[in-house]
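Read the structure below first, then the notes.
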């Protein structure tokens, strides 16, 4: 299968890269970790102005395209139809392009969870619920954390940045709830990824079999976006490491000229190059036949997560002692790579899902 981004998608990625490169996202990440979300919110607003958060939102709620959710909308109380709504192919690919750039620039906050929540609400097709939340998500004024507490390989008890979000959605069995409290914040491998276990109970927003189906789809979207984000993190780590080994000298020559260093960087590049088509293939699969995307998403997640983690290990080792310092911005990406590796599907869970789909 030949798959190439079109000119508009390439330009979208380049525009986001330039915009985020001028936004001091490293400073926003450090501020977010210190519980100052102001700089991060400004970055979110820039992304919203560029249309990133409008991509999964239907036109009637302020989204950007009519094909956001093709097919009949299921009832929030009844059974989901066989061909229930999902994000269109073009928009899924553009989401992948966007989230690679979000990872490349380490944008803080529940970006994956907010978009997954939009996919969940769009899938449910409840006009009142969608009208309450989707316009705010599209314009970047509402941040949403999301927990799929009981959903298969992506089950996870902690909500990302629940204290900074405007709401935390929790799916438990066949109920969608808005958590009443985000609970106690837990330490994370990435200081800018603050985790909390939502308190039990809360307002029930929807219930029934359609919630379970929508949650399964939203979990696939979250895993797919995490894979794209990890790919961007890995690309940034590789670029920073290549630049460093070109200027760092030992014995009067750049360490990048050493054969062992070249081989390590080549292995890192190959892993990222192999992960990239899997990420974009998962985007195509998400818009394809119902029930066929799971294995493709899992393959993309494990490949991108492991590639980014390998890039982090290479970056840490090739930077030497300076790579361990908190002050070096490189640490922001190293820690994020490790956290994303297990977010929305651990490597073992994703490998098991790939095997189930074979």
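The values are calculated or read from the model by the stated rules, or taken from the named source; none is laboratory data. Bear in mind that the values here come from a model prediction, so they are computed numbers and not experimental data. Neighbour counts are summed over all protein chains in view; Cβ atoms, including those assigned to glycine, are modelled from backbone coordinates with ideal geometry.
On inspection, residue 271 fails the criterion of being buried (at least 22 other Cβ atoms within 10 Å of the Cβ) and either within 24 Å of the chain's Cα centre (by Cα) or in a helix (DSSP H, G or I) (or both).
Counting only strands (runs of 3 or more DSSP E) that fall entirely inside region 102-190 and contain at least 2 residues that are farther than 29 Å from residue 38 by Cβ and in contact with a strand residue (DSSP E or B) (Cβ under 7 Å, 6 or more places away or on another chain), the qualifying elements are 175-178.
Restricting to region 204-220, what's the tally of residues that are in contact with a strand residue (DSSP E or B) (Cβ under 9 Å, 6 or more places away or on another chain) and either buried (at least 24 other Cβ atoms within 10 Å of the Cβ) or part of a helix (DSSP H, G or I) (or both)? Selection size over region 204-220: 8.
Residue 40 satisfies every condition listed in (1) in contact with a helix residue (DSSP H, G or I) (Cβ under 7 Å, 6 or more places away or on another chain); (2) modelled with pLDDT of 90 or more; (3) part of a loop (DSSP other than H, G, I, E, B) except (3). Take the conditions (1) farther than 20 Å from residue 160 by Cα; (2) in contact (Cβ under 8 Å) with a residue 24 or more places away in the chain; residue 313 misses just one of them, which is (2). Hey, does region 83-93 have a residue that's exposed (fewer than 14 other Cβ atoms within 10 Å of the Cβ), over 22 Å from residue 192 (Cα atoms), more than 17 Å from the chain's Cα centre (by Cα) and modelled with pLDDT under 90? Yes, the conditions are met somewhere in region 83-93. Restricting attention to region 60-82 and to residues that are outside any loop (DSSP other than H, G, I, E, B) and within 25 Å of residue 226 (Cα to Cα), the residue that is modelled with the lowest pLDDT turns out to be 70. Residues in region 19-30 that are crowded, with 16+ Cβ neighbours inside 10 Å, in contact (Cβ under 8 Å) with a residue 40 or more places away in the chain, more than 18 Å from the chain's Cα centre (by Cα) and assigned to a helix (DSSP H, G or I): 30 only.
Taking first residues from region 1-18 that are at negative phi and loosely packed, with under 12 Cβ neighbours inside 10 Å and partners that are modelled with pLDDT under 85 and part of a helix (DSSP H, G or I), the Cβ contacts under 9 Å between residues at least 6 apart in sequence or on separate chains come to 6/90.
All conditions in (1) crowded, with 19+ Cβ neighbours inside 10 Å; (2) assigned to a helix (DSSP H, G or I); (3) touching a residue at least 60 places away in the same chain (Cβ under 8 Å); (4) touching a helix residue (DSSP H, G or I) at 6+ places or on another chain (Cβ under 7 Å) hold for residue 339, with the sole exception of (4). For region 321-336, a residue qualifies if it is touching a residue at least 24 places away in the same chain (Cβ under 8 Å) and either farther than 18 Å from residue 279 by Cβ or surrounded by fewer than 24 Cβ atoms within 10 Å (Cβ to Cβ) (or both), and the qualifying residues are 329, 330, 332, 334, 335. Annotation note: of 240, 276, the sole residue that is surrounded by 13 or more Cβ atoms within 10 Å (Cβ to Cβ), more than 29 Å from residue 349 (Cβ to Cβ) and within 24 Å of the chain's Cα centre (by Cα) is 240.
Yes or no: residue 159 more than 19 Å from residue 28 (Cβ to Cβ), at pLDDT below 90 and in contact with a helix residue (DSSP H, G or I) (Cβ under 8 Å, 6 or more places away or on another chain)? The answer is yes for residue 159.
When residue 129 is tested against (1) farther than 17 Å from residue 168 by Cβ; (2) surrounded by fewer than 24 Cβ atoms within 10 Å (Cβ to Cβ), only condition (1) is not met.
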